[in-house]
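Peer 1: Just passing along the structure, written as structure tokens.
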Amino acid sequence: MSNPLPPTPSRADQIEDLLPQTQCTKCGYPACRPYAEAIADGSANYNQCPPGGHEGIVRLSSYLGKPVIPLNPVNGIEKPRARAFIDEAICIGCTLCIQACPVDAIIGAAKQMHTILPDLCTGCDLCVAPCPVDCISMIEVTAPLTGWAAWSQQQADAARERHDFRTQRLLREKQENEARLAAKAAAKLREVESESSQTPEQQAEQARKKAIIQAAIERARLKKENTDKNT
């Protein structure tokens, strides 16, 4: 029996393969994949990726069969690749930078010093703004090389893999937390239902508690359905 053929890459798949996968959001989209989908459906132009720079536009224009156009300055400029650096003497361990990093390139724990894993940093600079003590700076590391000359396909592929892994991990953690809350609500509902109510006031209070818990359970169910639909 022959093995089934792998699915044919979609237009968005092929466009995504041409992006540098820094996940920097400078294109105006939350990650490289949504930007690729927007280019594929015609709702975004193919000159909105500063990390890809001129070479990135050449790659996209060649695939799309369109002319090479300048990088849109609204999205930024092409420049050398940078890496984030944390001044560990100032870091207060708030974890906001860890939450912002799209590729898990920052390690640390709450109220403990954080540090950047330089080989994993894509230079997206998304960790800079959330820092409440301004202890993160971006240091150029590839000058004078810019765009794809400063970033290899191997690095792009690794960054996408880390981004996708992080996305799945966060989704799994969210689902596990929602499951715990749902189980807790169900247990509380059983507890309320088992309470003996003697007076009309007690019965009314029991009914009120049940209504609140049942409403919370229904909200959780609808939220789970919506999450499942989008995965």
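The values are calculated or read from the model by the stated rules, or taken from the named source; none is laboratory data. Bear in mind that the values here come from a model prediction, so they are computed numbers and not experimental data. Neighbour counts run over all protein chains shown; Cβ positions are idealised from the backbone, glycine included. Heads up: the accessible areas ignore ligands, DNA and RNA and are worked out on the full protein's heavy atoms, side chains in. Shrake-Rupley method; radii C 1.70, N 1.55, O 1.52, S 1.80 Å.
Peer 1: Which is farther than 29 Å from Pro20 by Cα, touching a residue at least 12 places away in the same chain (Cβ under 8 Å) and open to solvent by 30 Å² or more (accessible area, probe 1.4 Å), of Ala149, Ala187, Ala110, Ala183?
Peer 2: After ruling out the rest, the residue left standing is Ala110.
Peer 1: Related question: Kindly list, by first and then second residue, each pair from a residue in the range 61-83 that is free of Cβ contacts under 8 Å to residues at least 60 places away in the same chain to a residue that is assigned to a helix (DSSP H, G or I) and open to solvent by 80 Å² or more (accessible area, probe 1.4 Å), limited to pairs with Cβ atoms under 8 Å and residues at least 6 apart or on different chains.
Peer 2: Val68/His54; Leu71/His54
Peer 1: Just checking, does the range 122-142 include any residue being exposed (fewer than 14 other Cβ atoms within 10 Å of the Cβ) and either in contact with a Gly (Cβ under 7 Å, 6 or more places away or on another chain) or among the polar types (S, T, N, Q) (or both)?
Peer 2: Checked against the condition, which is being exposed (fewer than 14 other Cβ atoms within 10 Å of the Cβ) and either in contact with a Gly (Cβ under 7 Å, 6 or more places away or on another chain) or among the polar types (S, T, N, Q) (or both), the range 122-142 yields no hits at all.
Peer 1: Identify, from the list Cys124, Cys131, Cys94, the residue that is in contact with a Ser or Thr (Cβ under 6 Å, 6 or more places away or on another chain) and either assigned to a loop (DSSP other than H, G, I, E, B) or small (Gly, Ala, Ser) (or both).
Peer 2: Matching residue, one of Cys124, Cys131, Cys94: Cys124.
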